[in-house]
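I have placed the structure first, in the form of C-alpha cells, so that the comments after it can refer back to it.
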Amino acid sequence: MTDPGPEAGVYTISVAAELAGVTVRSLRLYERHELLHPARTTGGTRRYSQDDLRRLRRITELLADGVNLPGIGKILDLEQDTHDLRTDNTAVRADNTRLRVDNDNPTQERPTQERLPPETARRRSPSRRAPNVVHRDQRSRPG
C-alpha cells in the first residue's frame, strides 16, 4: 500500500492540533478566517493533510512574529501567488530554451503547434515587427 500524497486529508482535527502544537479551537478559528481549508468527509468531519500542517506551521510562525489573522491571510495569498508565478516562469523559460534550440536548428523538422503538449502550447502574441501600426490611443507626433 502506498502512502497518501501531501494533499490527502488524513488527520482528524485533534491529531492535527497536537501535531502542530495548537488547540482545536485555534484550528477552527483559522478555518473561520479562511486561512485553512481542510477536506471534509461525507459526514462533515475535518481531515487535515500534510500540506495543511505545513500551512499551519507557517501560520504559527507569522503569529509569533506578531502578524494578525487578516495580515496572515494576505501574506499566505502573496506567498502562493509568488510560488505560482515562479512555477509559470520556469515553464516559460523551458519553452523559451526549446524555441531557441529550434530556431538555431532550422533544418530539423519542427513539431507543429498541434503536436505540442497542452502545457507548452501557448498563444502567440502579435509580432513586434508589425508594419507601422498606429493604435487609436497613440497620438501622432510631428516628424
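Yes/no matrix, rows are residues, columns are (1) of a type in the set (S, T, N, Q); (2) within 25 Å of residue 83 (Cα to Cα):
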{"residue": "2", "(1), (2)": "yes, no"}
{"residue": "14", "(1), (2)": "yes, no"}
{"residue": "23", "(1), (2)": "yes, no"}
{"residue": "28", "(1), (2)": "no, no"}
{"residue": "32", "(1), (2)": "no, yes"}
{"residue": "47", "(1), (2)": "no, yes"}
{"residue": "53", "(1), (2)": "no, yes"}
{"residue": "60", "(1), (2)": "yes, yes"}
{"residue": "67", "(1), (2)": "no, yes"}
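Residues that are more than 27 Å from residue 3 (Cα to Cα) and without any contact (Cβ under 8 Å) to a residue 24 or more places away in the chain: which helices (runs of 4 or more DSSP H) entirely in the stretch 13-98 hold 3 or more of them?
Correct list: 24-32, 50-64.
Given the conditions (1) surrounded by 14 or more Cβ atoms within 10 Å (Cβ to Cβ); (2) on the phi > 0 side of the Ramachandran plot, report the number of the one that residue 66 does not fulfil.
Every listed condition holds for residue 66 apart from (1).
Just need a number here: residues in the stretch 16-36 that are loosely packed, with under 14 Cβ neighbours inside 10 Å and closer than 16 Å to residue 50 by Cα.
Residues meeting the conditions: 2.
For the stretch 33-67, enumerate the residues that are of a type outside the set (Ser, Thr, Tyr) and out of contact with any helix residue (DSSP H, G or I) (no Cβ under 9 Å at 6 or more places or on another chain).
Across the stretch 33-67, the qualifying residues are 40, 43, 44, 50, 51, 54, 61, 64, 65, 66.
Since every read-out is calculated from the coordinates, none of them should be taken as a lab result. Being a predicted model, the structure only gives us computed values, none of them experimental. Here the Cβ is made from the backbone with ideal geometry for all residues, glycine too, and neighbour counts use every protein chain on show.
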